[in-house]
1. Restricting to the stretch A:48-60, give me the number of residues that are under 22 Å from B:Lys65 (Cα atoms) and in contact with a Leu (Cβ under 8 Å, 6 or more places away or on another chain).
2. Here are the criteria: (1) more than 14 Å from every other protein chain (Cβ to nearest Cβ); (2) surrounded by fewer than 21 Cβ atoms within 10 Å (Cβ to Cβ); (3) more than 30 Å from A:Tyr30 (Cα to Cα). Tell me which single one B:Cys58 does not satisfy.
3. Limited to the stretch A:303-314, what total is found for residues that are within 12 Å of another protein chain (Cβ to nearest Cβ) and open to solvent by less than 10 Å² (accessible area, probe 1.4 Å)?
4. When you check A:Thr317 against the structure, is it among the polar types (S, T, N, Q), within 14 Å of another protein chain (Cβ to nearest Cβ) and in a strand (DSSP E or B), yes or no?
5. Does the stretch A:89-109 hold any residues that are open to solvent by less than 10 Å² (accessible area, probe 1.4 Å) and touching a residue at least 60 places away in the same chain (Cβ under 8 Å), and which are they?
6. Could you go through the stretch A:276-294 and let me know if any residue there is away from chain B (no Cβ under 14 Å), hydroxyl-bearing (Ser, Thr, Tyr) and either more than 30 Å from A:Ala22 (Cα to Cα) or not in a strand (DSSP E or B) (or both).
7. Check A:Gln297 against each of (1) modelled with pLDDT of 95 or more; (2) more than 30 Å from B:Ser68 (Cα to Cα); (3) polar (S, T, N, Q) and name the one condition it does not meet.
8. Looking only at strands (runs of 3 or more DSSP E) that fall completely inside the stretch A:23-124, which ones have 2 or more residues that are under 26 Å from A:Gln172 (Cβ atoms)?
Amino acid sequence: MAKKTPLYDQHIACGGKLVDFAGWNMPLNYGSQLDEHHAVRSAAGMFDVSHMTVVDLTGDKVKPFLQYLLANDVDKLKLSGKALYSGMLREDGGVIDDLIVYYIHDTFYRMVVNAGTRDKDMAWLEKQAAAFAVDVNERHDLAMVAVQGPSAREMAHAVLSAAQADAASQLQPFFGVESEGLFIARTGYTGEDGYEMMVPADQAAQLWGALVQQGVRPCGLGARDSLRLEAGMNLYGSDMDETTSPLESGMGWTIAWEPSTRHFIGRKALEAQRRQSGGSKLVGLVLLDKGVLRAHQTVVWNGDPMGETTSGGFSPTLGRSIALARVATEVSDECQVDVRGKMLLCQVVKPPFVRNGKACIKID
Amino acid sequence: MSNIPDTLLYTSSHEWVEVLSDGTARIGITDHAQELLGDMVYVEVPEVGDEVKSGEECAVVESVKAASDVYSPISGVVVAVNETLAENPGLVNGDPYSDGWIMRIKIADQGELEELFDAESYQDVIDEEDH
């Protein structure tokens, strides 16, 4: 039986169409994925992301532990609450998961990892943490609600206590703060401003209800996927996994090469890969012809198969189809994609496609 | 509950047929089908003059979720297609039996109509799927 988040009853009450996602009963949409998508780009929408895994890491050696565990360097986090996006890699450079880690203080970091990778992530964390005597504590007691969109912060402030609203309103992007039992972070997965709020499970329904009252639109996994795709954000398991390295996954920017003395898991493999020529890269595609790109379609460039799409779909903001694709490094300008037997013309672009409600690509 | 008008005929692959008095038939996908597929983002219609055969692919409906083939319920020649779907594929969701029609064909064999379901039998098809 699929698990229920603390917001299950709210999804039913809001008319959610529930599906099994990574073993969780989650809303795919509440009627119209397109309307939900547009609500986030134009006003505010919210997502139950309680299925994601929150892990608290504590101990005297938690910082050196994370500097060894992650390809990005937590030494960049100097101010309490600052967040960092990173890959967690195998020795061979394959991506075990992508995650966000928050620096709370020198002996306490908080990490959020994917739902679908929970079991292997926890096993890996426990295994690597032992040598550093770091405590790994999964926070089953927390639910998480993401409120996203140009009006999201203002509408969220209206349902928070005065102290919480004050703390939240002072947050810079990619920072989080604990306030009166709520952990509020100015982060998200949509390319819009907003918050991800971690709330004690028994208070989640109340928070959700208050946000509904404010006019924040409940949004399902469908809109979450089309929003993140427009924002050019990777989806673990689709755009990268253990068989692909960050260098082939548009995640080169998340690898902290300096200082060169920092040894992190996967470093040797990435350095070797970086020295090699050839290989592949993750690019954005915009469909110039009519139709819809989907995952696992063949990309053809100058007449030869050169890779495949890893995610694809319709971009409601652009009104045309977009995709992420892993292709040979030389692929540029225009390519074709085999869409159900038809060779359709695409423009190769650098993601993101959309940020803060606006298109960020030019179609030739 | 999905809407199943009494005046139409249906297939087990969730297309509907409206038999018109001039020997042609309008064809689309059912309310149940559009609900399963979710918001439509692209509909590939056939070309006028195309010959379609009963049970064979004649169009593609693409929703936010996936692409699905539409199978022609009966054989015939396409005499009209719904051009407005190019600009507004959402008509298939909002009005599947009227403004969301896909094509109109000249019926080749009236006998094929007898193979189709009436509203009551089509309801049984849906009920069985749900169980």
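1. So the count comes out to 1.
2. All conditions are met except number (2).
3. Qualifying residue count, the stretch A:303-314: 1.
4. So A:Thr317 does not fit the description; no.
5. Once the filter is applied, which keeps residues that are open to solvent by less than 10 Å² (accessible area, probe 1.4 Å) and touching a residue at least 60 places away in the same chain (Cβ under 8 Å), the stretch A:89-109 yields A:Leu89, A:Gly93, A:Gly94, A:Val95, A:Ile96, A:Asp97, A:Tyr102.
6. Looking for residues that are away from chain B (no Cβ under 14 Å), hydroxyl-bearing (Ser, Thr, Tyr) and either more than 30 Å from A:Ala22 (Cα to Cα) or not in a strand (DSSP E or B) (or both), one finds at least one in the stretch A:276-294, hence yes.
7. (2)
8. A:45-48, A:53-58, A:83-89, A:95-105, A:108-113
The values are calculated or read from the model by the stated rules, or taken from the named source; none is laboratory data. As the structure is a computational prediction, the values presented were derived from the model and not from experiment. With ideal geometry, Cβ positions are generated from the backbone for all residues, glycine too; neighbour counts draw on all protein chains shown. In case anyone asks, the SASA skips ligands and DNA or RNA and just uses the protein heavy atoms, side chains included. Shrake-Rupley method; radii C 1.70, N 1.55, O 1.52, S 1.80 Å.
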